[in-house]
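All remarks here apply to the structure that follows.
The values are calculated or read from the model by the stated rules, or taken from the named source; none is laboratory data. Just so it is clear, the model here is predicted, and its values are computed rather than measured. Cβ coordinates were reconstructed from backbone atoms using ideal geometry, including for glycine residues, and neighbour counts include every protein chain displayed.
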Amino acid sequence: MKTLLSKLAQILERGFVVLTLQLAAKVMMPFISSGDGTKNYAEGSIVNQAIWLGIYLITFCLVALRWKRFIHVATADKLLLLLLAIAVLSIVWSVEPKVTLRREIGLLGSTFFAMYLATRYSPSELLRLLGWTLGIGALLSLVCGIVLPSYGIMGGGFWRGIYIHKNAMGRMMAMCAIILLLLTFSNRKFRWLTGLGIGLSIGLLLLSQSKGALVVFISLLALLPLYNALRLNYTIAVPLSIVVIIVSAIGLTWLVSESETVLGAFGKDATLTGRTDIWTAAVDMINQRPVLGYGYGAFWLGLGSEYSAYVWNYAGWEVPNAHNGFIDLTLDLGYLGISVFLIGFLMNYLQAVRWVLLTKTLEGVWPLEYMTLILIASQSESVTLTYKDIFWILYVTITLSTRTYLSRASKTVQLNPNSS
């Protein structure tokens with residue numbers, strides 16, 4: 001009886017994780033918003049806040065069962081804690097303290113959930129849970145596009161499935177395809193199922209017509225064998241890395257010199273659909289408060305804020321963020337915050353390289369792939385230090401989980417120096 005109850009508890013706990021990750025991926029957001037059709041950038045959705053409050057309470061109860069290990073894992077990354085501390089303290093200099101306070105709660109709550117994931121599950125288990133999350137999202141998106149096209153398909157024939165926007169579905173499907181590909185090579189038992197999932201996610205990615213997500217997918221797919229090659233001896237890995245850098249530099253030079261031609265081929269203009277106008281105006285605002293920024297989550301408040309209103313008027317459209325994670329983070333926390341994040345990101349990237357070298361299966365490449373995904377996606381979307389967002393949750397979870405297991409492996413080697 002105890003075994004049965006234990007298995008049931010594990011199933012319910014994993015179901016809670018999958019559901020929370022779905023919500024963090026902005027699934028069905030219009031159905032849990034205020035429903036009045038207005039955009040209140042300062043207040044947000046009461047229903048959404050209530051749902052996440054419930055998630056935080058459940059997470060707290062789950063953490064209480066293993067609180068000692070939680071403290072050990074949660075304090076493993078000191079730069080992450082410093083970045084969170086800066087975000088919390090930003091209420092002191094925030095231009096909208098009430099908004100900052102509420103969004104800080106969302107940031108700390110979702111980070112708390114991420115820390116719980118890193119405490120509760122191994123990197124391999126987390127990858128499988130994420131595969132289930134995104135795979136279910138892909139299946140529901142297909143059903144939504146067919147059965148509820150008024151929601152599942154945006155104007156112009158762009159598919160968004162169960163997500164809030166076509167770009168959101170595109171990013172999720174790009175990540176889904178890569179994860180299922182890793183699982184396919186690592187586990188032969190359900191290859192037919194992961195194969196179907198890969199085909200479905202790529203098909204939905206193409207139906208979303210999200211150019212940015214397609215670039216992310218192709219880049220991660222191309223880098224997959226190169227990252228896996230890091231496990232080879234240095235006489236092969238170093239020349240291979242040099243070749244990759246040279247080819248990338250040549251390609252980047254060509255893209256810059258032929259930018260108008262390339263953008264035209266993708267149906268874009270030279271301003272990247274207005275993004276450069278947004279970035280220009282946003283940098284103007286950064287220069288007004290360069291060191292500490294405007295306070296966490298306090299800049300983008302629509303026309304209710306003179307700061308975001310300036311960017312709106314300059315860009316000529318109602319943009320919800322800077323469409324660049326690094327610019328948004330600098331607006332929130334200034335050069336202090338972005339510096340701490342970038343240093344921490346570099347450390348975590350190198351940590352992901354160590355994880356590749358330590359592990360033997362293709363699954364071990366995932367942390368490095370995800371760091372690359374964050375780096376690429378941040379160029380056009382706000383995916384860094386975002387509250388209640390799957391990208392931030394996964395960033396915290398992956399970095400803490402790999403750091404913990406690397407530390408454990410290092411201690412094992414120290415205790416058994418002749419084990420190799």
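Quick check on region 279-294. Is at least one of its residues modelled with pLDDT of 85 or more, at positive phi, crowded, with 20+ Cβ neighbours inside 10 Å and in contact with a Gly (Cβ under 8 Å, 6 or more places away or on another chain)?
Initially, region 279-294 is screened for residues modelled with pLDDT of 85 or more, giving 279-294.
Going one step further and asking which of them are at positive phi, we end up with 293.
Remaining after also requiring crowded, with 20+ Cβ neighbours inside 10 Å: 293.
Checking which are in contact with a Gly (Cβ under 8 Å, 6 or more places away or on another chain) leaves us with 293.
Within region 279-294, one or more residues are modelled with pLDDT of 85 or more, at positive phi, crowded, with 20+ Cβ neighbours inside 10 Å and in contact with a Gly (Cβ under 8 Å, 6 or more places away or on another chain).
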**Message:** Among the numbered criteria (1) surrounded by 15 or more Cβ atoms within 10 Å (Cβ to Cβ); (2) at pLDDT 90 or above; (3) of a type in the set (A, V, I, L, M, F, W, C), which one does Met28 miss?
**Reply:** (2)
**Fill in**
In region 279-317, anything among the acidic types (Asp, Glu) and free of Cβ contacts under 8 Å to residues at least 24 places away in the same chain is listed as Glu306
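When you scan region 157-172, do you find a residue that is among the small types (Gly, Ala, Ser), under 22 Å from the mean Cα position of the chain (by Cα) and closer than 22 Å to Gln379 by Cβ, even just one?
Residues of region 157-172 among the small types (Gly, Ala, Ser): 157, 161, 168, 170.
Going one step further and asking which of them are under 22 Å from the mean Cα position of the chain (by Cα), we end up with 161, 168, 170.
Next, from what is left, pick out any that are closer than 22 Å to Gln379 by Cβ: 168, 170.
Checking region 157-172: at least one residue is among the small types (Gly, Ala, Ser), under 22 Å from the mean Cα position of the chain (by Cα) and closer than 22 Å to Gln379 by Cβ.
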**Unmet criterion (only one of (1) crowded, with 20+ Cβ neighbours inside 10 Å; (2) within 24 Å of Ser401 (Cβ to Cβ)) for Gly334** = (2)
**Every residue from region 82-102 that is surrounded by 14 or more Cβ atoms within 10 Å (Cβ to Cβ), aliphatic (A, V, I, L, M) and in a helix (DSSP H, G or I)** = Leu82, Leu83, Leu84, Ile86, Ala87, Val88, Leu89, Ile91, Val99, Leu101
**Prompt:** Among the helices (runs of 4 or more DSSP H) confined wholly to region 306-391, which include 2 or more residues that are modelled with pLDDT of 85 or more and β-branched (Val, Ile, Thr)?
**Reply:** 325-358, 366-377
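Report whether or not Leu62 is within 30 Å of Met28 (Cβ to Cβ) and in a helix (DSSP H, G or I).
On the way: within 30 Å of Met28 (Cβ to Cβ): yes; in a helix (DSSP H, G or I): yes.
When the stated conditions are applied, Leu62 passes them.
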**Prompt:** Which of the residues that make up region 131-144 are crowded, with 20+ Cβ neighbours inside 10 Å and over 22 Å from Thr404 (Cβ atoms)?
**Reply:** Leu134, Gly135, Gly137, Ala138, Ser141, Cys144
**Request:** Could you tell me whether Arg128 is surrounded by fewer than 20 Cβ atoms within 10 Å (Cβ to Cβ) and of a type in the set (D, E, K, R)?
**Result:** yes
**Item:** Positions within region 392-406 being over 11 Å from the mean Cα position of the chain (by Cα) and either aliphatic (A, V, I, L, M) or at pLDDT below 80 (or both), in sequence order
**Value:** Leu400, Leu406
**Asked** Within the set of pairs 6 or more residues apart or between chains, which connect a residue that is among the hydroxyl-bearing types (Ser, Thr, Tyr) inside region 352-365 to a residue that is surrounded by 14 or more Cβ atoms within 10 Å (Cβ to Cβ) with Cβ atoms less than 6 Å apart?
**Response** Thr361/Ser186
**Message:** Please determine whether any residue of region 372-382 is crowded, with 23+ Cβ neighbours inside 10 Å, free of Cβ contacts under 8 Å to residues at least 40 places away in the same chain and either more than 23 Å from Phe70 (Cβ to Cβ) or touching a Phe, Trp or Tyr at 6+ places or on another chain (Cβ under 7 Å) (or both).
**Reply:** no
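When the residues of region 343-370 are narrowed to those that are among the hydroxyl-bearing types (Ser, Thr, Tyr) and more than 16 Å from the chain's Cα centre (by Cα), which ends up surrounded by the most Cβ atoms within 10 Å (Cβ to Cβ)? Walk me through it before giving the result.
Our first condition is that a residue be among the hydroxyl-bearing types (Ser, Thr, Tyr); within region 343-370, this holds for 349, 359, 361, 370.
The next check asks that each one be more than 16 Å from the chain's Cα centre (by Cα); those that pass are 359, 361.
Values: Thr359: 19, Thr361: 13.
Within region 343-370, the match that is surrounded by the most Cβ atoms within 10 Å (Cβ to Cβ) is Thr359.
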